[in-house]
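Here the structure comes first, spelled out in structure tokens, and everything after it is commentary.
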Amino acid sequence: MPAGGFVVGDGSRAYPGKLTPFVLFTCVVAAMGGLIFGYDIGISGGVTSMPSFLRRFFPSVYRKQQEEATSNQYCQYDSPTLTLFTSSLYLAALISSLVASTVTRRFGRRLSMLFGGILFCAGALVNGFAKHVWMLIVGRILLGFGIGFANQSVPLYLSEMAPYKYRGSLNIGFQLSITIGILVAEVLNYFFAKIKGGWGWRLSLGGAVVPALIITLGSLVLPDTPNSMIERGLHEEAKTKLRRIRGVDDVSQEFDDLVAASKESQSIEDPWRNLLRRKYRPHLTMAIMIPFFQQLTGINVIMFYAPVLFNTIGFTTDASLMSAVVTGSVNVAATLVSIYGVDKWGRRFLFLEGGTQMLICQAVVAACIGAKFGVDGTPGELPKWYAIVVVTFICIYVAGFAWSWGPLGWLVPSEIFPLEIRSAAQSITVSVNMIFTFIIAQIFLMMLCHLKFGLFLFFAFFVVVMSIFVYIFLPETKGIPIEEMGQVWRSHWYWSRFVEDGEYGNALEMGKSTNQGTKHV
Ligand code: BGC
């Protein structure tokens, strides 16, 4: 065992290190990378329900909306161009996250964040000054490129930078800024929608330059992670940085382990092909299933279309935006709960609790909407208590998501991949997330029109499936150093058959003493 190391009771190594102000500062700054993603999620739904915006760019939707109030409420927003506006971004993000994998691996996590900020800034400007639909779409594509870079690099940055005991909380800073971005966007929409002359949407869309500048400037002052420096051969700088980050002099054990992990990583020529090897089956499965399930919770139906949805269930435009602000606040507050609990209660507990909570709420909301709107979408007069019940259950649902699948959908992938596949596997996670965000954004309005209240039952079904999946297949990763994660698979009842002893992370294992305990999860 390298000098200074020791093995703790649960079989994982404890590296010395504190939560230093330096690490806190870097993680807070880096986490702000989530703002651009959040701002964007929050802004599109509100803008697409502003009449002046619709009249200018999507006149057919506008006309449809103006038709008499008794027409089918489930279908009033069903327009392919309108959904293309919302979802073009996610296709762009998907493509750029694949490019970002190489940038992140070869040039460091920081440079990807910088690219992300710059592209996002450009997109915000094109959108703010848009005169034609194509400008809107080009702007969205640039924003998407920005998000692809940021979402690929920020979660990895945070998980590598954080001392392992606080990794969950610090990483969730990313999700916290996503939720703050969403909320700020929703509040701004609420006020900008009131601007006389109907040009408030320009401020909403152009306002994205602010979070873009924050991440651009932030990435200029951030140091790169020691893991990434070692991966690029900068050993001495990495050691000095590691001392500074951890706030202790003796970082030799962690450093040696990082070097060992990096040696293993260097021996791999093609990280993409490598991902297909049998021993990475658990990682590849999680890289795909976690973001897939995160989107199949149906959260973005609420996030993108909350104003539209509230409008559908009988609120006026103003009240709809306001209710979106309410759900946005619940989203932020509940994420704080997760920051508090994730390293105490563990990931699995939050996943399972959050899943149960979401399931109950989806069933109640489906029942409420079904009871009033029936299958023809003609609600008649809607009593106030009814709207309150629906909004309350939507809020409890959002809270369930915000302390489970929301943050953990980004945290868990970023902490389970070994260095040699980390960047590529993270890109898969981002891409899968974006594909399914895209699909849901693209088909939600159509699904609402056809499945009606059954839409909520559709997502409820997936919540059941994902909870069973977590229960059976996802090992607990709380409190395990990131370069030591191999042990959770080796001791898992199912995954151990893929990840045999000594087959995984050889270089790291060889540098380790033989008295390492085995932990059963
Ligand atoms: C998801 C987004 C979602 C957001 C809501 C994120 O973790 O990736 O798709 O809109 O949470 O807070």
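Numbers below:
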read-out	value
Test: F436 is part of a helix (DSSP H, G or I), within 13 Å of the ligand (Cβ to nearest atom) and open to solvent by 40 Å² or more (accessible area, probe 1.4 Å)	yes
Qualifying positions in segment 391-404 - assigned to a helix (DSSP H, G or I) and in contact with a Gly (Cβ under 9 Å, 6 or more places away or on another chain)	Y397, V398, A399, G400, F401, A402
Residue match in segment 253-271 (condition: touching a Phe, Trp or Tyr at 6+ places or on another chain (Cβ under 7 Å) and buried (at least 23 other Cβ atoms within 10 Å of the Cβ))	yes
Matching residues, segment 203-241, being of a type in the set (K, R) and crowded, with 18+ Cβ neighbours inside 10 Å	K239, K241
Among the candidates A425, A402, residue that is within 9 Å of the ligand (Cβ to nearest atom) and crowded, with 24+ Cβ neighbours inside 10 Å	A402
Check on Y157, open to solvent by less than 40 Å² (accessible area, probe 1.4 Å), in a helix (DSSP H, G or I) and modelled with pLDDT under 90	no
Test: residue in segment 72-87 that is open to solvent by 30 Å² or more (accessible area, probe 1.4 Å), more than 16 Å from the ligand (Cβ to nearest atom) and at pLDDT 85 or above	no
Top-ranked residue of segment 185-202 - restricted to ones that are in a helix (DSSP H, G or I) and out of contact with any Leu (no Cβ under 8 Å at 6 or more places or on another chain), ranked as surrounded by the most Cβ atoms within 10 Å (Cβ to Cβ)	A185
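The values are calculated or read from the model by the stated rules, or taken from the named source; none is laboratory data. Since we're looking at a predicted model, the values are computed, not measured. Cβ: placed from backbone, ideal geometry, glycine included. Neighbour counts: every protein chain shown. Surface accessibility is based on the protein's heavy atoms, side chains included, excluding ligands, DNA and RNA. Shrake-Rupley method; radii C 1.70, N 1.55, O 1.52, S 1.80 Å.
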